[in-house]
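The values are calculated or read from the model by the stated rules, or taken from the named source; none is laboratory data. The structure displayed is predicted, hence computed values, not measured ones. Here Cβ is always computed from backbone atoms with ideal geometry, including for glycine, and neighbour counts include all displayed protein chains.
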Amino acid sequence: MTQSGGYIPTHTTNVPDERGYYGDFGGRYVPETLIPALDDLVIAYREAMADPAFQGRLADLQKNYTGRPTPITYAERLSEHLGGARIYLKREDLAHTGAHKINNALGQALLAQRMGKRRVVAETGAGQHGVASATVSALLGLECHVYMGSVDMARQEPNVFRMKLLGAEVIPVESGSKTLKDAINEAIRDWVTNVNATFYLLGSALGPHPYPMMVRDFQSVIGIEARGQMLDRTGRLPDVCIACVGGGSNAIGLFHAFRDDEQVELIGVEAGGHGIAGGEHAARFADLSISRPGVLHGTRSFVMQNADGQIMNTHSISAGLDYASVGPEHAYLRQQERAYYTFATDEEALTALQTLSRMEGIIPALESAHAVAEAIKRAPTLPKDSIMLVNLSGRGDKDLNTVIGALA
């Protein structure tokens with residue numbers, strides 16, 4: 001990676017294996033009709049990653065279209081207020097479209113174009129992946145269809161308008177909980193039906209192999225940049241890296257560059273919703289009485305499910321974190337005790353959003369506010385010479401209607 005924004009995703013770990021497994025997690029659990037498409041995708045991805053022309057095009061767009069590298073901001077007033085660790089923010093909220101989702105969407109859209117696919121389907125919860133997919137489709141002249149739960153459409157109305165303005169068809173999903181899980185269901189159904197002509201532009205580090213690997217690699221620019229920036233700014237690596245975890249793409253993108261630095265603690269923050277005790281949350285690792293290994297959307301990971309194996313409804317104030325499962329590499333990192341996972345409640349996230357806004361003049365997305373909430377809890381417990389890096393995965397414009405309603 002260079003500070004001009006060019007980078008080449010690299011595999012610094014031995015996962016996934018050739019079958020797409022991260023230890024006990026991952027793999028492919030899909031209809032037979034999708035196996036040839038996934039095999040083709042693996043081959044196309046490997047060829048693209050080895051092609052200097054593809055890498056050059058991606059690096060150029062990351063720099064001159066996305067606006068990379070995104071900066072590191074020292075949250076000086078917040079750090080002084082908390083009285084502990086120094087807090088730095090990786091500013092993915094400043095990337096084009098306002099979130100980290102553009103990194104993966106751009107990489108996958110270029111791959112779709114390379115494979116000759118002119119039609120893409122995508123799913124979205126908080127709307128940022130839908131906006132990113134619509135954006136790169138407009139850039140590359142691709143037909144874009146975005147599935148979105150009607151509940152999420154109501155609470156993310158500005159993003160729905162942005163997608164339509166960019167030329168995408170936004171398809172409301174009325175089944176199930178009418179949120180992200182159900183949007184993924186419909187996107188996969190579309191892909192199965194139109195597999196020969198359609199590229200599924202999956203938004204998070206989940207789904208069947210090679211999607212978790214591809215999304216991680218395209219998002220790894222976050223951690224690669226942040227690692228170099230922290231060394232430049234502070235002369236050393238952070239003691240703690242924190243990121244919110246829904247499916248887990250922004251977190252795995254940050255964590256990947258620090259995987260081999262055992263002195264760096266990696267912390268993922270899930271959605272605690274109304275609290276763990278009542279079951280109205282999306283903290284897959286917090287209550288193992290209702291969350292256990294299972295299969296959802298083509299991959300094996302931790303899944304919130306009842307005694308009969310039925311997928312449970314989830315809740316979070318943030319539309320991007322209320323997913324019943326989590327990316328398989330996060331389940332693996334937890335199993336290996338390389339990363340620690342905790343949660344923040346709706347109330348804690350709202351408080352963190354207000355605190356960061358008033359202390360630093362930065363309004364974070366509600367998803368990102370969960371990571372900020374953990375930083376607020378943890379920073380006062382650490383020495384003042386400690387360094388904490390928080391991934392600010394997106395900006396809060398999209399959530400203002402929700403925040404206004406919650407704080408009214």
Only one of these is modelled with pLDDT under 95 and within 27 Å of R378 (Cα to Cα): A85, A99, A126. Name it.
A126
All positions within the range 275-315 that are within 15 Å of A183 (Cβ to Cβ) and part of a loop (DSSP other than H, G, I, E, B)
H297, G298, N313, T314
Among the residues that make up the range 305-324, is at least one of them free of Cβ contacts under 8 Å to residues at least 40 places away in the same chain and either under 26 Å from E76 (Cα atoms) or of a type in the set (A, V, I, L, M, F, W, C) (or both)?
yes
What pairs come out if I take residues in the range 47-59 that are touching a residue at least 12 places away in the same chain (Cβ under 8 Å) and pair them with residues that are surrounded by 12 or more Cβ atoms within 10 Å (Cβ to Cβ) and not in a helix (DSSP H, G or I) whose C-beta lies under 7 Å away, six or more apart or interchain?
M49/P9; Q55/I8; A59/G5; A59/G6; A59/Y7
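Go through D93, D60 for me and flag whichever is modelled with pLDDT of 95 or more and touching a Lys or Arg at 6+ places or on another chain (Cβ under 6 Å).
The match here is D93.
Has the range 154-165 got at least one residue that is in a strand (DSSP E or B) and not assigned by TED's automatic domain parsing to the domain that holds L321?
Taking the range 154-165 first, the residues in a strand (DSSP E or B) are none.
No: zero hits.
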Could you identify the single residue in Y200, Y211 that is under 28 Å from A286 (Cβ atoms) and of a type outside the set (V, I, T)?
Y211
Among what's in the range 180-201 and is in a loop (DSSP other than H, G, I, E, B) and in contact with a helix residue (DSSP H, G or I) (Cβ under 7 Å, 6 or more places away or on another chain), pick the residue that is nearest to E367 (Cα to Cα).
L201
Exactly one of S177, S204 is crowded, with 24+ Cβ neighbours inside 10 Å, within 27 Å of I252 (Cβ to Cβ), in contact with a helix residue (DSSP H, G or I) (Cβ under 8 Å, 6 or more places away or on another chain) and among the polar types (S, T, N, Q), and that residue is S204
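Is the range 241-253 home to any residue that is of a type in the set (S, T, N, Q) and surrounded by fewer than 23 Cβ atoms within 10 Å (Cβ to Cβ)? Quick ask: steps written out before the conclusion?
To start, the set of residues in the range 241-253 that are of a type in the set (S, T, N, Q) comprises 249-250.
Within this subset, residues satisfying the condition of being surrounded by fewer than 23 Cβ atoms within 10 Å (Cβ to Cβ) are none.
The answer is no; no qualifying residue exists.
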For the range 12-41, give me the residue count where each residue is in contact with a helix residue (DSSP H, G or I) (Cβ under 9 Å, 6 or more places away or on another chain) and not small (G, A, S).
15
Of the residues that sit in the range 315-348 and are in contact with a Phe, Trp or Tyr (Cβ under 8 Å, 6 or more places away or on another chain) and of a type in the set (A, V, I, L, M), which one is surrounded by the fewest Cβ atoms within 10 Å (Cβ to Cβ)?
A339
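Matching residues to (1) in contact (Cβ under 8 Å) with a residue 12 or more places away in the chain; (2) within 21 Å of the chain's Cα centre (by Cα):
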{"site": "A132", "(1), (2)": "yes, yes"}
{"site": "V136", "(1), (2)": "yes, yes"}
{"site": "L140", "(1), (2)": "yes, no"}
{"site": "G149", "(1), (2)": "yes, yes"}
{"site": "R162", "(1), (2)": "yes, yes"}
{"site": "L165", "(1), (2)": "no, no"}
{"site": "V170", "(1), (2)": "yes, yes"}
{"site": "E174", "(1), (2)": "yes, no"}
{"site": "K178", "(1), (2)": "yes, yes"}
For the range 222-230, does any single residue satisfy the condition of being in a loop (DSSP other than H, G, I, E, B) and of a type in the set (K, R)?
no
Within the range 180-197, can you find the residues that are surrounded by 15 or more Cβ atoms within 10 Å (Cβ to Cβ) and of a type in the set (D, E, K, R)?
K181, D182, E186, D190
Within the range 150-165, does at least one residue satisfy the condition of being at pLDDT 95 or above, under 14 Å from G130 (Cα atoms) and acidic (D, E)?
no
